Structures are given as C-alpha cells and as structure tokens.
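Asker: One structure is given below, represented as structure tokens, and several questions about it will come after.
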Amino acid sequence: MRFALVIFETDESRRRIQADRAAYRKEYEGWIGGLAAAGKLVGGEALETERVRPATVRTAADGTPVVTDGPAHAGEETLGGEETLGGWFVIEVADREEAVEVARSLPTPETVEIRPVLESA
C-alpha cells in the first residue's frame with residue numbers, strides 16, 4: 001500500500017535548522033536514505049517555507065475564485081507553537097501500521113500526518 005507522509009515543520013524543527021542546517025539535513029537525509037535503501041521510498045518533495053509565502057485560492061459562494069496571501073490553514077497550535085506544511089513523501093509499505101512505524105522513525109521533530117494514497121482503478 002502507498003501512504004503519503006505529510007511533513008509539518010514545528011517551532012522546534014525550525015530552531016534546530018537555524019542552529020545547524022548542515023547537521024539537521026544530514027540527520028534527515030540519513031532517514032530518507034534508509035527508506036530508499038529498504039525499497040520503501042516512492043518519492044517526495046520539500047516545500048519552500050522560508051523565503052516565499054504561499055497563496056491560497058478558494059471558491060466563494062458566488063463561484064468566483066478568491067486569492068488570499070498565506071497558507072490555507074494558518075497553523076495548528078502545538079505545544080511549541082505553529083506548524084507549517086513542509087513537504088511530503090510517498091512510501092510503499094505493507095499496511096497502515098507499517099506506515100505509522102516509518103513515520104515514528106523520523107529522527108527530527110516534525111509532525112507527520114499519514115494518509116493512504118488513493119489507488120486508481
């Protein structure tokens with residue numbers, strides 16, 4: 001089964017990135033490399049979260065698109081503050097339980113949402 005691991009940066013992960021970006025990337029990329037070596041990594045992308053703000057387009061009640069500056073969701077309250085959508089990975093694993101274990105193995109302090117990927121018929 002395929003699952004998307006949706007990665008949300010946290011205040012703690014941003015602090016660690018700012019303190020030592022190279023060490024943080026090495027830890028994170030080691031985890032990604034382990035997934036790839038195990039044949040579980042299908043793909044993924046990181047999102048720009050520092051220099052360019054996102055925009056959101058919603059359809060108003062009258063059917064016209066409305067553009068706002070910023071993310072679709074302002075962020076969820078966590079113990080340390082706000083979360084920011086940082087990217088995603090798609091993994092191939094046996095089941096949801098294995099996807100949860102993969103997410104739990106992430107060595108950095110991001111929040112990970114696990115979503116099954118809809119298989120096309």
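Asker: Within segment 9-25, which residues are part of a helix (DSSP H, G or I) and either surrounded by 11 or more Cβ atoms within 10 Å (Cβ to Cβ) or under 16 Å from the mean Cα position of the chain (by Cα) (or both)?
Answerer: Pass one, segment 9-25, residues part of a helix (DSSP H, G or I): 11-19, 21-25.
Residues satisfying the conditions are 11, 12, 13, 14, 15, 16, 17, 23, 24, 25.
Asker: I'm told residue 5 meets every condition in (1) assigned to a helix (DSSP H, G or I); (2) within 14 Å of residue 106 (Cβ to Cβ) except one. Can you identify the failing condition by its number?
Answerer: The failed condition is (1).
Asker: So which residues in segment 27-41 are at pLDDT 95 or above, farther than 12 Å from residue 105 by Cβ and not hydrophobic (A, V, I, L, M, F, W, C), if there are any at all?
Answerer: Listed by number, the residues that qualify are 33, 39.
Asker: Take residue 44 and tell me if it is part of a strand (DSSP E or B), touching an Asp or Glu at 6+ places or on another chain (Cβ under 8 Å) and either at pLDDT below 95 or over 17 Å from residue 10 (Cβ atoms) (or both). Quick ask: steps written out before the conclusion?
Answerer: Working: part of a strand (DSSP E or B): yes; touching an Asp or Glu at 6+ places or on another chain (Cβ under 8 Å): no; either at pLDDT below 95 or over 17 Å from residue 10 (Cβ atoms) (or both): yes.
No: the conditions fail for residue 44.
Asker: Between a first residue in segment 34-58 that is touching a residue at least 12 places away in the same chain (Cβ under 8 Å) and a second residue that is open to solvent by 70 Å² or more (accessible area, probe 1.4 Å) and acidic (Asp, Glu), which pairs have beta carbons less than 7 Å apart while being 6 or more apart in sequence or on different chains?
Answerer: Qualifying pairs under 7 Å: 40/92; 42/92; 53/69; 55/69.
The values are calculated or read from the model by the stated rules, or taken from the named source; none is laboratory data. Computed from a predicted model, the values in this text were never measured in an experiment. No Cβ is skipped: glycine too gets one built from the backbone with ideal geometry, and neighbour counts run over all protein chains shown. The accessibility values were calculated without ligands, DNA or RNA, using every heavy atom of the protein model including side chains. Shrake-Rupley method; radii C 1.70, N 1.55, O 1.52, S 1.80 Å.
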